[in-house]
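Enquirer: Provided herewith is a single structure, encoded as structure tokens, for subsequent inquiry.
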Amino acid sequence: MVLEFNPAWEPTLEGYAEDKVPNVRRAQFEGGYSQRSKTGPNSVGREVSLSWEVEQSQKDYIDGFLSDRGGAEAFRYQLPWDAGTTLWTCDAWGSVPIGKSRGVTMWRIRATFRQEFDIV
């Protein structure tokens, strides 16, 4: 069963990056020549860098959710600017305190999501 990732706060647009990551097979030959081919119909995936500025409770939810997946288990998430959910994994994230708001510690969480094409 694929879980949904539903943080209460949307990621900030500042620092957002979306990179295309093609998956290519390469055969290397003498003289510097090579032959390349796509790895199938889903050979170009997305990798997105996201950032949230959240209170402690949401920091705990996001960090806990990503930790429980361990970088290997895929989850569904809808980017605020996408029409529907996409399957993702996340194998790199971190957080830093950025100050207090109304007496509550605020955190900046950065994560890199990689699009997956699993059959679910």
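The values are calculated or read from the model by the stated rules, or taken from the named source; none is laboratory data. Here the structure is a predicted model, which means the values were calculated and not measured. Heads up, the Cβs are rebuilt from the backbone with ideal geometry, glycines too, and the neighbour counts pull from every protein chain shown.
Enquirer: Can you tell me which residue is nearest to L50 (Cα to Cα) among those in the stretch 72-120 that are among the hydroxyl-bearing types (S, T, Y) and either crowded, with 18+ Cβ neighbours inside 10 Å or under 12 Å from the mean Cα position of the chain (by Cα) (or both)? Please lay out each step first, then the result.
Expert: First, pick out the residues of the stretch 72-120 that are among the hydroxyl-bearing types (S, T, Y): 77, 85-86, 89, 95, 101, 105, 112.
Still in the list and also either crowded, with 18+ Cβ neighbours inside 10 Å or under 12 Å from the mean Cα position of the chain (by Cα) (or both): 77, 86, 89, 112.
On the way: Y77: 12, T86: 15, T89: 13, T112: 6 Å.
Ranking the qualifying residues of the stretch 72-120, first place goes to T112.
Enquirer: So, one more: Assuming S67 fulfils every condition listed in (1) part of a strand (DSSP E or B); (2) surrounded by fewer than 14 Cβ atoms within 10 Å (Cβ to Cβ); (3) hydroxyl-bearing (S, T, Y); (4) at pLDDT 90 or above apart from one, which condition is it?
Expert: Evaluating S67 over (1) part of a strand (DSSP E or B); (2) surrounded by fewer than 14 Cβ atoms within 10 Å (Cβ to Cβ); (3) hydroxyl-bearing (S, T, Y); (4) at pLDDT 90 or above leaves (1) as the failure.
Enquirer: Among R46, R26, which is the only one that is charged (D, E, K, R) and without any contact (Cβ under 8 Å) to a residue 24 or more places away in the chain? It would help to see each step written out before you state the result.
Expert: Details: R46 fails: without any contact (Cβ under 8 Å) to a residue 24 or more places away in the chain.
None of the other options fit; the residue is R26.
Enquirer: Looking at the stretch 12-35 only, could you name the residues that are surrounded by 10 or more Cβ atoms within 10 Å (Cβ to Cβ), of a type outside the set (D, E) and closer than 23 Å to F117 by Cα?
Expert: Listed by number, the residues that qualify are Y16, A17, V21, P22, N23, V24, R25.
Enquirer: If E10 satisfies every condition in (1) in contact with a Pro (Cβ under 6 Å, 6 or more places away or on another chain); (2) part of a strand (DSSP E or B) but one, which is the exception?
Expert: (2)
Enquirer: Still on this structure, please answer the following. Please state which of the following conditions M106 fails to meet, knowing it meets all the rest: (1) in contact (Cβ under 8 Å) with a residue 12 or more places away in the chain; (2) out of contact with any helix residue (DSSP H, G or I) (no Cβ under 9 Å at 6 or more places or on another chain); (3) within 16 Å of W9 (Cα to Cα); (4) not basic (K, R).
Expert: Answer for M106: the failing condition is (2).
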